[in-house]
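Everything on this sheet refers to the single structure shown next.
What follows draws every value from the coordinates through simple rules; no lab data is involved. Remember, predicted model here, so these are calculated numbers, not experimental data. Glycine gets a Cβ as well: all are built from the backbone with ideal geometry, and neighbour counts include every protein chain shown.
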Amino acid sequence: MSPNSAGRAEKLGYTNVKVYHEGLPEWTKKNYTVLSAQYLKEAYIDKDIPNVLLDVRSAAVAKKGFIKGAVSLPAAGIAADITKFPPKDKKPPIIIVDDNGGDDAKSAAKSLLSAGYTSVTIVTGGMNAWKAAALPIETGALATNIVYVPKPRPGEIAMDDFKKIASNIPADTVIIDVRSQEEANDGMIKGARVVPDAVILDRLAEVPKDKLIVTYCNTGVQAEMAYHKLKEKGYNAKFLNAKVTFDDAGNYTIEKP
């Protein structure tokens, strides 16, 4: 929860509100996250975003119905087969599915985290949730070899190109900081405009349609969400898929999440 989110929660009457200042990038170094079946389809499969989709059920069960692109690797064998996974420095998004998002998925996630992998995610509700949402299912033998070929996400701007633009923003380009105003007050890129992702559709009058729009945040997540919203409205937009941190002097560093 960001300070801005905490403030909104307090305004709604909540009193026991805490802020995890390190944020998602730090959390994912030692902990798994979760996503819904629908989000897996829309954010990864439909957009052809490279990932490692692990079906950790038994092969006999999995072949009766699985998600396209899944690799069969039962939970009990994850630790022994860790060499099958892509190198950790490639930071592959690893998405785990079992029957119901239960113990098998959690066990597999913990094995991967212990081996040094980050960006490990469990599908909430597992295959039961996928089937309940009437999402497409395949049958037959699953792949057993893990193949991960990273590629830029749709709309992603190269870090070197972003740095070049940020060092001297061209007249035909606008950089938008889509974090909250409170976060931006602690440091932001000189010359950028603050239009939080949460309200960007309500503030399109502040976003010129005749310029290239480049969005950024502190993880790349909000920047990408804002990018898609702008693209749907016909904007020429790109986003920075990177971790951006600021020091007390206002200097910033950019690194891949």
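When the Gaussian network model of the chain links Cα atoms closer than 10 Å, the mean-square fluctuations of 109, 59, 134 top out at 134.
When the chain is treated as a Gaussian network with alpha carbon springs shorter than 10 Å, the biggest mean-square fluctuation among 157, 78, 137 belongs to 137.
Here is how the number arises for the chain: DSSP H runs of 4 or more residues each give -39500 (n - 2.57), the sum is divided by the residue count, and the result at 222 nm is -6500 deg cm²/dmol. For the range 159-255, the square roots of the Cα gyration tensor eigenvalues, ordered a ≥ b ≥ c, give a/c of at least 1.5 with a/b greater than b/c, which places it in the prolate category.
Taking a cut-off of 17 Å between Cα atoms, list the aspartates and glutamates near residue 68, but don't count ones fewer than 8 places away on the same chain. Straight-distance partners of residue 68: 42, 46, 48, 55, 98, 99, 138. Mean separation of Cα pairs under 8 Å and 6 or more residues apart, divided by the residue count, gives the range 22-132 a relative contact order of 37 percent. Summing Cβ point charges (Lys, Arg +1; Asp, Glu -1) relative to the Cα centre of the range 76-121 gives a dipole of roughly 300 debye. Sorted into 5 angstrom bins from 0, the C-alpha pair distances of the chain split as 1, 6, 12, 15, 15, 14, 13, 10, 8, 4, 1, 0 percent.
The range 66-106 and the range 130-167 have Cα centres spaced 15 Å apart. Sites listed here are chymotrypsin sites (Phe, Trp or Tyr not before Pro) in the range 1-99 whose DSSP assignment is loop and whose Cβ has at most 15 other Cβ atoms within 10 Å: 14, 20. Computed over the chain with a Gaussian network model linking Cα atoms closer than 10 Å, the most mobile of 24, 53, 201 is 201. In straight-distance terms, cross-link reach from residue 11 covers every one of the aspartates and glutamates whose alpha-carbon lies under 19 Å from its own, apart from those fewer than eight places away in the same chain; here that gives 182, 183.
Summing charges over neighbours of residue 155, with a neighbour being any other residue whose Cβ is under 9 Å away from its Cβ, gives +1 when K and R count +1 and D and E count -1. Each 10 Å bin from zero up to the one holding the largest Cα-Cα distance in the range 22-132 carries the following percent of pairs: 15, 51, 31, 3, 0.
Only lysines eight or more places from residue 233 in sequence, or on another chain, were considered; those with a Cα closer than 27 Å are 41, 47, 151, 163, 164, 190, 209, 211, 243.
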